[in-house]
1. In segment 279-318, what residues are open to solvent by 10 Å² or more (accessible area, probe 1.4 Å) and modelled with pLDDT of 75 or more?
2. Can you pull out the residues in segment 237-246 that are open to solvent by 50 Å² or more (accessible area, probe 1.4 Å) and either of a type in the set (Val, Ile, Thr) or modelled with pLDDT under 90 (or both)?
3. Output the residues belonging to segment 730-767 that are over 17 Å from Ile434 (Cα atoms) and either open to solvent by less than 50 Å² (accessible area, probe 1.4 Å) or not in a helix (DSSP H, G or I) (or both).
4. Residue check, Asn38 against (1) open to solvent by 10 Å² or more (accessible area, probe 1.4 Å); (2) modelled with pLDDT of 80 or more, all met but one. Which one?
5. Mind listing whichever residues of segment 537-548 are open to solvent by less than 50 Å² (accessible area, probe 1.4 Å) and either among the basic types (Lys, Arg) or more than 11 Å from Trp626 (Cα to Cα) (or both)?
6. State all residues of segment 629-650 that are within 20 Å of Gly104 (Cβ to Cβ) and assigned to a helix (DSSP H, G or I); if no residue qualifies, say none.
7. So, Asp487, is that one under 30 Å from Pro660 (Cα atoms), open to solvent by 40 Å² or more (accessible area, probe 1.4 Å) and in a loop (DSSP other than H, G, I, E, B) or not?
8. Which of the residues belonging to segment 249-287 are without any contact (Cβ under 8 Å) to a residue 24 or more places away in the chain and of a type in the set (Ser, Thr, Tyr)?
Amino acid sequence: MRYALRWISREAGLRFLARRKAACTVAVLTMALALGANTAVFSVVKTFLLASIGVPEADRLFLVAPMRILPGRGAVIFNEAYPNYELIRSTQHAFADVTCLSQGVVGWDDHGESRPLQTARVTASFFATVRVFPIIGRGFTASEEGPPPARVVVIGNALWHSAFNADPSVLGKSLLLNGEPHTIIGVMPAGFTQPVPTDIWLPFELTAQQRGAVTGARTLTVYGRLKDGMPLARADVEAADLTKRALAMSSENKDFWYEMRPLRGVLLDKADSTILLVQAGAVILLLLAVLNLASLLLAWGFERRQELAVRHALGAGQGRLVRMLFLQSLVVVGAGATLGIGLTQLIIPWLRHLDFNQTLTFFTSQISLDSSVLFASAVTALVCGLAAGLLPALFSRNANLATALQTRTATLSRAALRWQQGMVVLQAGLSVVILAAAALIGVSFVKLVRVPIGFAPRNLVVARVNLQSADYQQVAKRIRFGRDLLDNLSREPEIATAAFTSTLPVSDVLWGGRFFVELPDGSVSPEPMLLHIRRTSANYLPVIGIPLLNGRQFTTSDDSASPKVVIVSRSLAARLWPNENAVGKKLYRFGGAKLPPILQEVVGVAGDVMDAGSSAPPGETVYFPWAQLSTGLMSIVVRPKAGDAAAFTALRRALRKTDPVLAAHDEARLELLVAQANALPRLQSLLLLTFAIAAIGIATLGSYGVMSQLVSTREREYALRLVFGAAPAELGRSVLRQLARLTLPGIAGGLLVVVMLGGALKRFVFGVEPRSFTVLASVSVGMMLIAFAATMPSMLRAMRVDVRRSIGAS
């Protein structure tokens with residue numbers, strides 16, 4: 001009999017839910033929205049913060065980051081110079097291993113066609129530092145480092161499978177790289193591409209420029225592996241000591257300081273705060289859903305007071321009745337969780353296919369619903385079910401048998417009514433918080449993408465070429481290559497115009513050198529200034545759409561034999577020569593410790609471009625003619641006559657005519673690169689917008705459910721008022737006043753929370769104040785409209801109350 005009663009109690013709970021299909025469906029959908037969002041966030045957080053990045057103990061692998069304040073950009077991470085790397089390696093005490101590397105691209109001769117391969121030239125200590133070793137063969141030895149480096153190569157696992165069909169006897173075979181055969185000595189394990197995306201690894205090559213220079217040769221990246229047992233805080237101590245040692249070694253390290261950045265932090269720069277923001281939004285969404293369900297269950301509990309009293313009279317103990325109410329809550333939440341997981345399976349592919357930058361795509365591609373995510377979701381659902389069922393269970397324990405059996409209407413007690421009204425207030429406040437955050441970040445993102453970037457990326461395609469092989473160490477060969485490439489591109493019928501530059505004005509983190517500046521009084525600055533450099537072809541500015549504001553463009557006559565000239569950006573001209581014409585002014589480029597500065601005359605002033613992204617100030621740039629100051633990095637900019645695909649084909653064809661060994665890489669539409677520069681703000685805007693829409697849905701359903709219940713409890717009052725002459729419109733206004741008494745305090749509380757969090761939100765917004773009156777007022781009005789729309793059915797119901805039924809039923 002005991003087990004039969006338990007079964008009857010459980011079945012009665014399920015039958016009660018089945019009789020209220022509409023309300024139950026609303027409750028399940030509400031929980032599905034909240035739990036689905038939280039499951040998706042669990043998977044994102046796990047991937048970004050916990051997923052393997054292919055490096056053992058990644059938290060102990062640090063980027064040794066030289067930092068410097070740049071005008072208008074704040075603290076910026078620079079690459080490192082080789083003399084500083086030697087200093088780090090010989091004097092540090094915290095690291096077990098230290099390595100340096102330089103990124104590049106080589107052309108691989110794949111059966112007569114040159115294909116680009118991402119390379120990393122690494123010191124022999126690289127594999128020990130990252131603690132990842134070849135699964136076949138070996139790494140490099142110190143004797144294989146240059147100059148000149150040995151022609152050996154360690155290949156990535158993906159290349160091993162695609163080019164050699166995972167042949168275990170691949171060792172000893174050759175790859176033709178930039179026209180030179182390289183012997184394969186090792187194969188790396190699957191999934192390893194860190195610290196930078198890499199297809200092959202080559203022995204480190206030390207050039208004469210790198211060996212002696214500090215400022216002019218910051219091209220290396222340095223990583224250190226913290227010693228086993230050494231506390232992570234020791235890395236910061238080492239950074240402070242290194243800053244002092246570097247300054248003592250060379251005055252060229254002046255104004256630099258060092259920071260130690262864990263590898264995951266480097267890859268996810270600024271993404272961790274976005275993840276926390278999104279997680280907070282998901283938690284608020286979950287609280288809204290739990291409050292909504294608790295309010296509904298509380299009303300259902302009082303609706304079933306007679307039933308529960310009868311069950312109690314027939315021998316059902318309080319504990320059994322409480323378990324039944326908790327079971328009812330868990331059934332609703334369980335159904336919502338199941339549906340929410342289905343929603344998550346739709347959200348995850350959407351996240352995977354968004355156009356992010358390379359690093360974010362690396363992580364989003366790994367997002368999945370694995371066992372740990374499902375377990376976390378199950379625990380969350382269980383906690384939510386218990387929390388939502390707590391209030392109904394507590395009130396059921398205080399149920400009075402006689403009162404319950406005598407009462408013919410299912411009205412809430414005063415205490416229960418206060419609890420339910422309090423939950424409406426709290427729902428309104430939480431909704432305002434998440435809506436305000438979404439509105440602020442949405443407005444911020446709109447402003448961000450509308451910032452004039454200073455050039456015209458539409459209908460432009462770009463590709464990169466590396467001129468870092470031995471053939472292009474001579475300046476004359478790089479100059480000739482640039483001239484011949486433009487000639488070949490101009491002959492392609494699919495290409496309207498073409499130009500090239502050392503770096504594109506999209507998240508450009510590469511910097512140039514030191515300059516002495518002619519001051520307004522005609523004197524020369526006593527200390528050199530660090531200025532951004534961009535080397536360009538003569539027609540680069542008009543092709544990419546950067547306006548010339550004063551002076552002249554570069555011409556083909558600005559070659560190595562002619563006077564040295566430069567064009568400066570407007571912001572740089574305004575800072576160096578305020579209220580003066582910059583054309584004709586002089587810059588003196590630092591040529592070396594034992595060489596005199598090189599005179600450069602300013603012949604033009606160009607418009608500003610947002611080199612570091614839309615949220616940073618305009619770049620202060622010095623443009624050089626390629627023929628006077630070339631480099632091994634080249635980005636080709638092409639305006640197609642027809643489609644992008646035809647333009648890329650024509651670009652590759654022109655490149656083969658210029659040098660069949662080289663391969664173009666990073667082919668893309670320039671407009672897409674600009675969009676990817678705002679990938680992180682776009683991600684947080686999309687997710688918070690999704691949460692805001694879900695919050696609106698939950699708040700609407702919650703307000704409807706609670707106001708409907710409140711009107712039900714006052715039906716007899718409304719009927720009596722109609723009998724004594726009250727107009728139906730007056731009853732409607734009474735419902736609205738009740739709505740205002742519940743919603744306005746919640747809105748005020750939510751706004752207060754947003755104002756208090758203004759400082760924390762400031763790091764996520766651009767072009768709008770976190771405490772913006774316009775945004776917060778709009779959110780408040782929007783929340784009131786949502787509550788009003790949700791209350792309309794209840795208000796109409798109050799105005800049309802059936803007097804006979806309501807008074808007779810009581």
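The values are calculated or read from the model by the stated rules, or taken from the named source; none is laboratory data. Keep in mind that this is a model prediction, so the values were computed, not measured. Heads up, the Cβs are rebuilt from the backbone with ideal geometry, glycines too, and the neighbour counts pull from every protein chain shown. Remember, those area values only see protein heavy atoms, side chains included, never the ligands or the DNA or RNA. Shrake-Rupley method; radii C 1.70, N 1.55, O 1.52, S 1.80 Å.
1. Gln279, Ala280, Val283, Ile284, Leu286, Leu287, Val290, Leu291, Asn292
2. Result: Val237, single match.
3. Leu731, Gly732, Ser734, Val735, Gln738, Leu739, Ala740, Leu742, Phe766, Gly767
4. For Asn38, the failing item is (1).
5. Selection gives Leu541, Val543, Ile544, Gly545, Ile546.
6. None - no residue of segment 629-650 is within 20 Å of Gly104 (Cβ to Cβ) and assigned to a helix (DSSP H, G or I), so the list stays empty.
7. no
8. Correct list: Ser251 only.
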